[in-house]
Every structure is written in structure tokens, then in C-alpha cells.
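Notes follow once the structure below has been shown.
The values are calculated or read from the model by the stated rules, or taken from the named source; none is laboratory data. None of these values were measured; they are calculated from a predicted model. Positions of Cβ are generated from backbone atoms using ideal geometry, with glycine treated the same way; all protein chains shown enter the neighbour counts. These area figures cover heavy atoms from the full protein model, side chains too; ligands, DNA and RNA do not enter into them. Shrake-Rupley method; radii C 1.70, N 1.55, O 1.52, S 1.80 Å.
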Amino acid sequence: FFYSLQDQFDNLEKHTQWGIDVLEKYIKFVKERTEIELSYAKQLRNLSKKYQPKKNSKEEEEYRYTSTRAFLATLNEMNDYAGQHEVISENMTSLITGELTRYVQELKQERKSHFHDGRKAQQHIETCWKQLEASKRRFERDCKEADRAQQYFEKMDADINVTKADVEKARQQAQLRHQMAEDSKAEYSSTLQKFNSEQHEHYYTHIPNIFQKIQEMEERRIVRIGESMKTFAEVDRQVIPIIGKCLDEITKAAESVDHKNDSQMVIEAFKSGFEPPGDIEFEDFTQPMKRTVSESSLSNSRGDGRSEPKFGSKSKGKLWPFIKKNKLMSLLTSPHQPPPPPPASASPSAVPNGPQSPKQQKEPLSHRFNEFMTSKPKIHCFRSLKRGGAGPEDFSNLPPEQRRKKLQQKVDELNRDIQKEMDSRDALTKMKDVYIKNPQMGDAASVDHRLAELGQNIEKLRLEVQKFEGWLAEVEGRLPARSEQPRRQSGVYEAQNASGVNSCAQDRESPDGSYTEEQSQETEMKVPATDFDDEFDDEEPLPTIGTCKALYTFEGQNEGTISVAEGEMLYVIEEDKGDGWTRIRRNEDEEGYVPTSYVEVYLDKNAKGA
């Protein structure tokens, strides 16, 4: 063992210091690993948070599909996955880094103590050796002195010329030296015996014990670093089942993706309920007759003797909603072009009018036709919507299928509110019964007012349910369709919406989506008076929503525009929708668009329709 290295004390000291350095290096390695785990976990959490849907946003609605729900489940599992890496970091810090740091401090103290004892033992044996050497040299010196004294005595004793007193003196000196030599011999013998004993004790007892302790210390260090490496692996192994479970959940979410179900949800979300259009009839322009428009494009001729369904009926209510705008529709829509900039001088009449401005003609038929072609739902009260109001209460601005879904949701919501109110009423009724039986607990009359309020609320909610169920029944075909009568002339409709959105005089599109017809004979459509026209016979001018003052003179030479003079006061019937044009009216027959930058608008929020 290390006893065999007793002559390598310095090398052993260096080796044990190297062992401590290795331990500290391993501690540093584990620390950096824990920092990497924490950083990785943080990045994973940030990544998961970054792609989480925002609350109350359109993004959140998109997560109803199985594919997006699977992605959301993946994000949540990645968050848990990150948590396991944080667990790895925490366990490594507590079980390895913290423990080894304390152990290194203890190891340094123990090593210092052992090597201090070893140096002390070495110093002691070196001192004994020095004492032995001094005793040996003294004994040697005394022996030489005694020998010289003996030789001097013998010389004096043989010389006849020397007095007897000098001979006696030489003899006594020789005897004294012999005695001192004997004493030095005895001391040297004693010191040698003691040194041999100390040396034996040093090499066979003290040093072996010290080296044994150093060996045990070194072996404990080696075992400890091995155990730490094992713990390093175990910490990782402990979270593998949970990480595996996270991965299993991601796989399960991926397997739950149902393409058929997602497709069905898309159909349910966007299905309008409109039927495809019928065939377009051949229009013969070789005969001098009125241009006839087929039933599927506009309406049927009154004179052909056929009884065709109205556009408000269910058989062919509207044109196929996915037909794109063709060349004909490009003639019926206004160009999306910017208005001319305001003039820099006081006389702007010299400024050209710029690009084509939206055409304004009072053509309700083309408006309706274009509305059907683009499948845009009717805006029941455009003015209220444009100025921040809500949609119609009966959702009549939505396609049939979407309207049915909204009405069903409203009915379910009202039924839940009714159930909630009834539960509250039942609880208060029980409380009242308890108060009646035990007057000391409370006054039974104190809950009567609240019970009356709940009863009124329940009655109101039931009336609301009946109203929405009526509209739902109409959509589902259980009641006569409301479109058989002009909507604006329906007394029931007026009563049900009296407290809701104010009825507008006419449904219109915005300036950038307004639909007009060219005045040329080639594009003008002459449509015979049919049932289709009856629905829109009550078209009225748009209501006035404010006034405006012309800041500059504008010569409306393009179609759809109107000329104004500087300082002239006019009525505003449609606000700027972002395209730079404002729709105004001078009188019942003159209305059109002017650049928004040419007028100063004063909106009247309390203005009502003409």
C-alpha cells in the first residue's frame, strides 16, 4: 500500500492535490451542465409560450380543428418537457454540486492534517538523528583526547629528567581523559539505543498510520467521484419515464388528427345554405324584344306565363356565392383608385380631377345583383354598423346556415341563463322556508324583493327565448319564410327590433365596394318587372348622417362624382371608408362622391334616416 511509498512523501502530496483538482473540475463540469439544462428549459418554455394562441383573438378560434388542437397539445407537452429539464438541473445541483463542494472542503482539511502529522514525524526523526550524530562526534573526540593524554603520560614517565610531580600530573590527566571517554561512550550508546527505538517507531508505526489515513482519504475521494458520476446518470434516468410520457402524449395528439372531421368543421363554419344557380337561358338579340335575363342571374319575365319562385324563397334564393367577379362585374363596380390631392392654391379649379372616381347612380337593382354575385350578406342597418353599432338582433345579415347556427347558440345561451336564474330562485326559496321555520335566523320578507326580481328576469329571458326560437324556426323551415313579405314592412319585425338597431332606409355597400352600371346601351340591363323587383320597390335614399363644408372647388367630371363650390354646405350620407372619397347629397336628385380632403365633415350621431 502507500507504506511502500514512504520515501515518496512529496510525490504522494502532489498526487493527492491533483485528486482534489480533479474533483473540483468535475464539480465545475456539473455546474455548467445544470446551467445548460436551465437555459434549454427556459428556451423551450419561451418557444411554447410564443406559439400559444392569444386569448380572445381569432387565433384562439382556429384551435377548434383537430390538427391545431394537436399542435396546442404539443406546445403544452413541450412545456412539461421543459419542466423535466429544470428537474434535472435542480437534482444535479443539490445531489452532486452541493454535496461535492462540501466534501471538497472537508477533504482539503483532512489532507492538510495528515500531511502535517507526516512532516512532524519526519522532523522528530531528523532531530533524533542529529542528537545521535552529536553524541557520536563527542565520543570520538573524547577517545582521541584520552589517547593523546595516555601517550603524553607514558612519555613523561619514561623521561628521567622529568620530576615526579610532572609525571603524576600527566598520569592524572590521562586518567581524567579516559573517564571522559568512558562517559561519552556511555552517552553515545544510550543515544544510539534511543534513536534506533525512535526510528523503528517512526518507520513501522507513525508513518504507516499516517500513510494509511492518506490512502483511505484518497480512496474515499475516488469512490465519491464515482458515486457522483452514477448519480449524474440516475438523475437523467429518473425523468426519462416522464419525458417518454410527454412524447407519448404528443404522439397521441398527432394520432387524434382527423382530416375528415376538420373538413366537416370547415363546411359547418362557412356553409351559407345557398343553392347553386340554374342554367342561364339563351338571350336572343336578333329580334327587337326586351332583353331577358334568366331566372338564375336576375329574374324571370313576367310575360312568359311561368310561375317561378322568388329570390326570397328557398328553391333558388340567391346566386351561387362563389362566382367570381367577371368582366361584366368589373363594369358594375367602382375602381379602387385614390382621389386627387387637395389643391395647394386658393383656386383649385385648375387641378385635374385625377383617376376615375366611384360612380354614383341610383341603381338598386345593380346593387342587389352585385350583392348576390359576391355572396356578401345584407347589412340590415349599414349606418349603425359603420358607426360602431351592433348587427341586427335576428342575425338576418348572415347567410341562412350561419344565421341558424348563431340563433341556436343564442337560444342555448339564454336557456343557460334561465337555468342559472331558476337555480338562484330555488336557493332563495329554500332560504325563505328556513327563515319562516326559524325566524331567529332571518327575516323571510327580506328575500321577497329578490325573488320578484328573479321572476321578472326569468320571464324576460323566456320571452327572448321564444323570440329567437321563432326566428330559428323560420330559418329551419318550420314557419313561413319572412322573405315572403318586404322586411321593412313587417310589423312583427319592427316591434322586435324597436329597442335594437335603428332600421336603415336601404342596405348599401361601402364606397370601395359600391356597384354601379354604365350608361351605355351595351352594358345597360333592362330587367322586366318581376317578383325579384317587388322585394326592392321600397328603396329609399340613404339617410343623412351629418353635414359638410366644401373647402375647395371640385369639378366632378368623372362618373359618380359631384361638383361642389368652395364654401358650399352639403349633406353627408356616407363616410370615408379609407379610399379617400366621401358621399354627399345636395338635394334629392343630386348626390355623389367628392374627395374627403376637399370637405370638412360634421357628423351628427343623432341623425336619423330620411
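Surface calculation, 1.4 Å probe, protein heavy atoms: ARG416 sits at approximately 150 Å² accessible.
If you take all other residues with their beta carbon under 14 Å from the beta carbon of LYS50, and give Lys and Arg +1 and Asp and Glu -1, the sum is +3. Between TYR552 and GLY567, the built amide H atoms are under 5 Å apart, and every one of these is 5 or more places off in sequence or on another chain. Of the chymotrypsin sites (Phe, Trp or Tyr not before Pro) in the range 1-109, the ones in a loop by DSSP (not H, G, I, E or B) with at most 16 other beta carbons within 10 Å are PHE1, TYR51.
The stretch between PHE270 and SER256, if pulled fully straight at 0.36 nm per residue, gains 2.7 nm over its current Cα-Cα span.
Computed on protein heavy atoms with a 1.4 Å probe, the accessible areas place GLU133, GLU106, GLU168 in the order GLU106, GLU168, GLU133, largest first.
Residues within the reach of a label modelled at ARG220 (point 7 angstrom out along Cα to beta-carbon, backbone nitrogen below 15 Å), restricted to the range 114-142, are 114-115.
Net charge of the neighbourhood of GLN264, taken over other residues with C-beta under 11 Å away and scored Lys/Arg +1, Asp/Glu -1, is -1. Length gained on full extension, THR101 to ARG237: 46.6 nm, using 0.36 nm per residue less the C-alpha separation. Potential lengthening of the chain between THR127 and LYS49 amounts to 20.6 nm, from the contour at 0.36 nm per residue minus the alpha-carbon distance. Close amide H contacts of ILE573 (hydrogens built in the peptide plane, cut-off under 5 Å, sequence separation of 5 or more or a different chain): ILE545, ARG583, ILE584, ARG585. Accessible surface of LEU398, taken over heavy atoms with a 1.4 Å probe and every protein chain present, rounds to 50 Å². Computed 3J(HN,Hα) for the range 70-81, one whole-Hz value per residue from the Karplus formula 6.51 cos²θ - 1.76 cosθ + 1.60 where θ = phi - 60°, is 5, 5, 5, 5, 4, 4, 5, 5, 5, 5, 5, 4, glycine and proline marked x. Per-residue 3J(HN,Hα) values for the range 107-120, derived from phi via the Karplus relation 6.51 cos²θ - 1.76 cosθ + 1.60 with θ = phi - 60°, read 5, 4, 5, 5, 4, 4, 5, 5, 6, 5, 5, x, 5, 5 Hz in sequence order (x marks Gly and Pro). With both labels modelled 7 Å from their Cα along Cα-to-Cβ, the SER563 to ILE280 distance reads 3.9 nm. The residues packed around GLN173, meaning those with a beta-carbon under 11 Å from its beta-carbon, carry a net charge of +1 if Lys and Arg are +1 and Asp and Glu are -1. Taking θ as phi - 60° and the Karplus parameters 6.51, -1.76 and 1.60, the scalar couplings of the range 246-255 work out to 4, 5, 5, 5, 5, 5, 5, 5, 5, 6 Hz in sequence order, x denoting glycine and proline.
If you sort CYS246, CYS143 by accessible surface, 1.4 Å probe, largest first, the order is CYS143, CYS246. Solvent-accessible surface of protein heavy atoms, probed at 1.4 angstrom with all chains present, puts HIS259, HIS85 in the order HIS259, HIS85, largest first. For SER256, no residue has an amide H sitting under 5 Å from its own, ignoring neighbours fewer than 5 places away on the same chain, with H placed 1.01 Å from N.
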